[in-house]
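Only one structure is covered here, and it is reproduced in the block below.
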């Protein structure tokens, strides 16, 4: 049985109070050194389902540079408290970016993309030195960070997707990475399992459950889905089938980790549908807007009506909070 972070943190605290000295769990030398200083791993459990919604964004160069985030905050009238960015397999841990986000009151989510290695090789331990180094850096920084590994695994457009690997190998790789982080003591990481939404038409259905790593290995379900010209222009039509399927095997909190709407006549309505849908669902803890030009023009700035509606709805106090003050 895997013990939750909150339980582990409580046990360690009680150990210190009862017996004195420093709480320390079996881990690498780096973790033992951090624990020897009297510092416990950051308890992320209060952030898993906070009282308000995450108000997130993904923008080029953020959070290593916070200027894109500050510019976005000026545009939409509210400061994001969740910043998502993309990292290639082999990239080092961006401690500067994570620290920048945290100091501004925001949580970082890393979409970690294994484009240069097979999931089988990861699961077999070929990259363990790299994973341990990455995990140790995250542990030593010791602020909360979320990791979404190999997202959209249920699609056929990524190397690690349905044409490149099997659900069994995906799960094996995910669990292996998670276990390395646990062994190093990097329990300040929130694990976001992030499938693409299933085809709303039902024509190309790929079952999600075989890709699920298991309750002890996942903290959030981070859905990825966009309002487009050919998808339903309702929240339920776009996300409902996926939520229903996910709820057959887990009750973990849902985060719309990557979403946006195409510009044009439907954008203002799509923005309204997004906010209304997230606001009405207690188990959806927020969303991150993909503010990029990539395959389509997702940036809010290109559509005045959509931006005005977004700014109006973002003013709702339900969205946004200082992540440093939760708990």
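Below are the figures for this structure:
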{"quantity": "Options 224, 198: the member that is in contact (Cβ under 8 Å) with a residue 60 or more places away in the chain and either touching a strand residue (DSSP E or B) at 6+ places or on another chain (Cβ under 9 Å) or crowded, with 17+ Cβ neighbours inside 10 Å (or both)", "calculated": "224"}
{"quantity": "Which numbered condition residue 75 fails, given (1) under 23 Å from residue 197 (Cα atoms); (2) surrounded by fewer than 22 Cβ atoms within 10 Å (Cβ to Cβ)", "calculated": "(1)"}
{"quantity": "Condition met for residue 327 (surrounded by 18 or more Cβ atoms within 10 Å (Cβ to Cβ) and at positive phi)", "calculated": "no"}
{"quantity": "Counted residues, region 308-318 - those being over 11 Å from residue 272 (Cα atoms) and surrounded by 14 or more Cβ atoms within 10 Å (Cβ to Cβ)", "calculated": "2"}
{"quantity": "Hey, residue 62 modelled with pLDDT of 95 or more, in a loop (DSSP other than H, G, I, E, B), within 16 Å of the chain's Cα centre (by Cα) and at negative phi or not", "calculated": "yes"}
{"quantity": "Residues of region 231-276 satisfying the condition of being farther than 17 Å from residue 199 by Cβ and assigned to a helix (DSSP H, G or I)", "calculated": "267, 268, 269, 270, 271, 272, 273, 274, 275, 276"}
{"quantity": "Tally of residues being part of a loop (DSSP other than H, G, I, E, B) and more than 18 Å from residue 104 (Cβ to Cβ) across region 277-326", "calculated": "12"}
{"quantity": "Residue satisfying condition, being touching a strand residue (DSSP E or B) at 6+ places or on another chain (Cβ under 6 Å) and farther than 18 Å from residue 54 by Cβ, within set 229, 270", "calculated": "270"}
{"quantity": "Some residue of region 79-96 being under 24 Å from residue 162 (Cβ atoms), modelled with pLDDT of 95 or more, over 20 Å from the mean Cα position of the chain (by Cα) and assigned by TED's automatic domain parsing to the domain that holds residue 288", "calculated": "no"}
{"quantity": "Counted residues, region 252-275 - those being more than 18 Å from residue 300 (Cα to Cα) and touching a helix residue (DSSP H, G or I) at 6+ places or on another chain (Cβ under 9 Å)", "calculated": "3"}
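For every residue, the table says whether it meets (1) closer than 26 Å to residue 45 by Cβ; (2) more than 17 Å from the chain's Cα centre (by Cα); (3) buried (at least 24 other Cβ atoms within 10 Å of the Cβ).
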| residue | (1), (2), (3) |
| --- | --- |
| 238 | no, yes, yes |
| 243 | yes, no, no |
| 252 | yes, no, no |
| 260 | no, no, yes |
| 263 | no, yes, no |
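The values are calculated or read from the model by the stated rules, or taken from the named source; none is laboratory data. These numbers come from a predicted model, not from an experiment. Ideal geometry is used to build each Cβ from the backbone, glycine not excepted, and the neighbour counts take in all protein chains shown.
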